[in-house]
Amino acid sequence: MIERIAILGTGLLGASAGLALRSAGFRGSVVGWNRGAEQALLAREMGAIDVVATDPIEAARMAQVVLLSMPIFATLDFMEKLAVVLGPDQLVTDVGSTKKMICEAAARLYNTPERAAFLPGHPMAGKERGGASLADANLFRGAVWLFTDDPAARRTLAGEALVQGWREWVAAMGSRTLDLEPSRHDELVAWVSHLPQFTATALSALLEEQVGEAPELKDVGGRALREMTRLGASPFSMWRDIAFTNTEAVERALLALEQRLAHLRENLRTPALRDEFEQANRFRRE
């Protein structure tokens, strides 16, 4: 039974996980740490965590489950630090948006009889802006929480129990779980998450450059503008790591979109434009 959880990174996802755990009935202790202490203090005020830790390594030592909720390179850094201090009766999991590099690090650092188990995870939930102030106990409800589960994480009885226990809490938070192989995960999220983000970023940057000073822009744009550019508010600090760790898949998706846009541009006055709309409508209906 999981009774002690440490959340390292109490921004949007970390604080939301704490709130969701409480809402789902978790009665154990939740300790939180954040590089910027104000986010951890806010998470405590909101009830997402019980205690603000000053030392993340010590907080992890005392926990059964450690949730790494931070950008990918910070996650990789903490994986290195924690591997040598945690034991086989502990589980580390994460919320990183790309998985190949994290899974490679986990295979090298974890899931041996003398070390902690590692369960790579990725909730398909979030907002265009981060921070504990936007945390929501219902953020994961109805969302898919992806796992790239390594059977090696279950090598010990404690590892097996903690992996199963954490999966059960994820389900209790309202998420549906789905297991994917790491490279398949990164390929899929490049299309369904990363491509929409970079498209919105490019569109928002283009609009800022071309008509950003027009006072009537937002009134004229209306709902279409708001929906298409909402993700343009996302922070570079998070997406830098995603672009770096999933470069090839994102490049393929962006190139395909570039080619599709060129096809549209070349067929604005031909029946091929109708075909594009019909195919797009089928995707939305399905």
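Where a number appears in this text, it was derived from the coordinates with a stated rule and is not lab data. All values derive from a computational prediction rather than experimental measurement. Backbone-built Cβ (ideal geometry, glycine too); neighbour counts: all protein chains shown.
Overview of values
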{"quantity": "Acute angle (nearest 10 degrees) that the helix 100-109 long axis makes with the longest principal axis of the chain, alpha-carbon atoms", "calculated": "10 degrees"}
{"quantity": "Among ASP186, ASP275, ASP136: highest mean-square fluctuation, GNM of the chain, C-alpha pairs under 10 Å", "calculated": "ASP275"}
{"quantity": "Rounded FRET efficiency, nearest 0.05, which uses the C-beta distance separating GLU251 from ARG223 and R0 of 35 Å", "calculated": "0.65"}
{"quantity": "DSSP bridge orientation in the range 4-180 - percent antiparallel, rounded to nearest 5", "calculated": "10 percent"}
{"quantity": "Furthest towards positive pole of dipole, PHE26, PRO120, THR247, structure part the chain, Cβ charges", "calculated": "PHE26"}
{"quantity": "Relative contact order [Cα under 8 Å, 6+ residues apart], the range 184-285, whole percent", "calculated": "36 percent"}
{"quantity": "Degrees between helix 217-229 axis and first principal axis of the chain (Cα, 0 to 90, nearest 10)", "calculated": "50 degrees"}
{"quantity": "The chain - charge dipole about Cα centre, Lys and Arg +1 at Cβ, Asp and Glu -1, debye rounded to 20", "calculated": "560 debye"}
{"quantity": "Of the GluC sites (Glu not before Pro) in the range 1-69, those whose Cβ has at most 16 other Cβ within 10 Å and which sit in DSSP loop", "calculated": "GLU3"}
{"quantity": "Electrostatic dipole magnitude of the range 184-285 [Cβ: Lys, Arg +1; Asp, Glu -1; Cα centre; debye, to 20]", "calculated": "460 debye"}
{"quantity": "With Cα atoms, 0 to 90° folded angle of helix 272-285 axis to the chain main axis", "calculated": "30 degrees"}
{"quantity": "Leading residue at positive end of dipole, the chain (Cβ point charges), from ALA59, PRO71, ALA224", "calculated": "ALA224"}
{"quantity": "Relative contact order (percent, whole number), the chain, Cα cutoff 8 Å, 6+ residue spacing", "calculated": "17 percent"}
{"quantity": "Taking the convex hull of Cα positions in the chain, its mean projected area over all directions (nm²)", "calculated": "16.6 nm²"}
{"quantity": "Surrounding net charge for SER16, when Lys and Arg each add one and Asp and Glu each subtract one, Cβ distance under 14 Å", "calculated": "+3"}
{"quantity": "Whole-Hz couplings from phi, Karplus 6.51/-1.76/1.60, listed for the range 71-82; x for Gly and Pro", "calculated": "x, 5, 5, 5, 4, 4, 5, 5, 4, 5, 5, 7"}
